[in-house]
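Here is the structure we will look at.
The values are calculated or read from the model by the stated rules, or taken from the named source; none is laboratory data. Quick caveat, the model's predicted, so the values are computed rather than measured. Remember, those area values only see protein heavy atoms, side chains included, never the ligands or the DNA or RNA. Shrake-Rupley method; radii C 1.70, N 1.55, O 1.52, S 1.80 Å.
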Amino acid sequence: MSGDVLAVIPARGGSKGVPGKNLARVGGVPLVVRAVRAALAAERITAVAVSTDDPAIEAAATAAGALAVRRPAELSGDTASSESALAHAVDVLYASHRDDLEVVVLVQCTSPFLTAADLDAAVAAVQDGADTAFTAAAFHGFVWRGAADAHGVNHDSRGRQRRQDREPEWLETGAAYAMRADGFAERGRRFFGRTVAVPTDPERVLEIDEPSDLERARALAPLLDGGHRPRPGEVDAVVLDFDGTQTDDRAWLGADGTERVAVHRGDGMGVAAMRRAGLPVLILSTEVNPVVSARAAKLGVECRQGIPAKGEELALWLSEKRLAPGRVLYLGNDVNDLPCFAQVGWPVAVASAQAPVRAAARAITSVPGGHGAVREIASWILEEDQL
C-alpha cells in the first residue's frame with residue numbers, strides 16, 4: 001500500500017474542564033502545536049490537519065505547519081465526537097480524490113507526550129494488515145469493581161498470581177488511533193475489524209482532562225521532553241529580561257538611593273556573539289533604574305525599560321521588526337515574563353526562575369540568572385565558529 005496518510009487533530013475552542021485547554025502550554029508549547037509537531041515528524045504521515053472552530057487555534061496550527069479545517073457549529077459542541085471531526089476533515093480534504101487516502105490517524109492533543117515514533121508504529125500496524133491500531137501501555141494492575149462489595153475483574157483473589165507470571169493487559173492511552181480509510185468511511189468509528197494495540201512508553205502516558213493534569217504535565221515536561229533546546233538556525237531574534245536574568249536579582253543600595261547590580265562578563269560575550277551573527281537583541285524590562293539602559297548601551301543592543309505591560313510591548317516590537325514569533329527566544333525569570341512566554345516559540349527560563357516560569361518554559365538554562373545564562377543560550381543557538 002502506498003496511499004496518503006492523513007493525521008487529523010481535533011481541537012475545539014471550548015473546554016469546561018480546562019478553559020482554553022488546547023492552547024495551554026506544556027514545556028512552553030501549546031498542546032495543539034505539540035500534537036502538530038509530533039505528527040509532522042512522523043515519517044509515515046503525509047499530511048497533518050487540525051479540525052477547529054477557534055481562530056486562535058487555527059492560527060497556532062497553521063503557524064506550526066498544519067492544514068486547518070474550520071469545523072461547523074453543529075460539530076463543535078460538547079457532545080460532538082472525535083469521529084465526527086475526523087470524518088468532516090476527510091470530506092473537506094479528500095472530497096474529490098478519496099481513493100488516494102490509505103490511512104487516517106486520529107491524534108489527540110490532550111496527550112502532550114505522544115511521539116512521532118508512536119504515530120509511525122500505529123500507521124505501520126495498519127499498513128501491515130491491521131484494520132485499526134491504537135497506542136497502548138502495558139498494564140499489570142489488579143482491577144476491582146464495587147467498592148462496598150469488591151470483586152476482582154482481571155484476577156481471581158482466591159489465588160493471586162505474581163505480577164511477573166501474568167500476561168500484560170493493555171491500557172488505551174487515548175493519544176492516537178490509526179485506521180484504514182475505507183473502513184472508517186464505511187463504519188464511521190475508530191474500532192473495527194482486526195485491532196492492534198501498539199505499545200508505548202507507560203511513563204509518557206498522560207491525558208489532560210483536569211487542571212491538575214495540566215500541572216502534572218508541566219512538571220514532567222523538562223524530564224520527558226529530553227531537555228529540548230533550540231539549535232543553531234532555529235532562532236531569529238533574542239529578547240532578554242534584565243533583573244534576575246542578567247543579574248542574580250540582588251542590588252546594592254547606596255545612601256543616596258542609587259542602585260548598583262552585578263552582571264556576568266560571559267553574558268556580554270554571548271550578546272556580542274549574537275550581534276556578530278546578525279541576531280536582533282532586545283532588553284525588555286519593567287525596571288526604571290538607568291542601570292538597565294546603561295548596560296544595553298554597553299552591549300550595543302536596543303533597550304525598552306520601565307514597561308509595565310511587557311507582553312504588549314513585545315508584541316509591538318515583533319510587529320515592528322517583522323519577526324515570526326515562533327522563531328524568537330525570550331529569556332526570563334519571573335511571573336511578569338509569562339505574557340511574553342505565551343507569544344514566542346522559545347520561552348526560556350533561567351535555572352533560578354520562579355516555579356510558574358520554569359513550568360511554562362520550553363527550555364531551562366543550567367545556570368541561574370547573573371551567572372552566565374545569556375552566554376549559555378548563545379551557545380545553543382550559534383555555531384561554534386560564531387562564538
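Quick notes on this one:
- The smallest convex shape that holds all Cα atoms of the stretch 261-375, its convex hull, gives 99 Å³ per residue.
- Whole-percent carbon and sulfur share, accessible surface of the chain, 1.4 Å: 50
- Once the Kirkwood radius over Cα pairs is known for the stretch 31-156, the Stokes-Einstein relation at 10 °C and 1.306 mPa s delivers a diffusion coefficient of 95 µm²/s.
- Seen against the Cα atoms of the chain and their longest principal axis, helix 31-41 is set at about 70 degrees.
- Amide H within-cut-off set for residue 289, under 5 Å, with H built and near neighbours excluded: none
- The share of C-alpha pairs in the stretch 120-219 whose separation exceeds 17 Å stands at 65 percent.
- Probe 1.4 Å, accessible area per residue of the chain, Å²: 47
- Here's the list of lysines a cross-link from residue 310 could span, going by alpha-carbon distance under 19 Å and ignoring same-chain residues fewer than 8 apart: 321.
- Calculated P(r) tail over 20 Å for the stretch 148-280, as whole % of Cα pairs: 76
- Kirkwood-based Rg to Rh ratio, the stretch 196-250, C-alpha trace: 1.15
- When only Cα pairs below 8 angstrom with a gap of at least 6 residues are kept, the stretch 1-134 shows a relative contact order of 34 percent.
- The convex hull drawn around the Cα atoms of the stretch 83-127, when projected onto a plane and averaged over every direction, covers 3.8 nm².
- For the chain, the longest principal axis of the alpha carbon atoms and the long axis of helix 265-276 meet at an angle near 70°.
- Note: relative contact order over the stretch 134-245, using C-alpha pairs below 8 Å and six or more positions apart, is 29 percent.
- Other-chain or far-sequence residues with amide H under 5 Å of residue 236's (modelled H): 328, 329
- Principal-axis analysis of the Cα atoms of the chain puts helix 82-93 at an angle of about 80° to the longest axis.
- Residue 352 long-range amide H proximity, modeled H, under 5 Å: 369
- Computed accessible area, residue 79, all protein chains, 1.4 angstrom probe, square angstrom: 140
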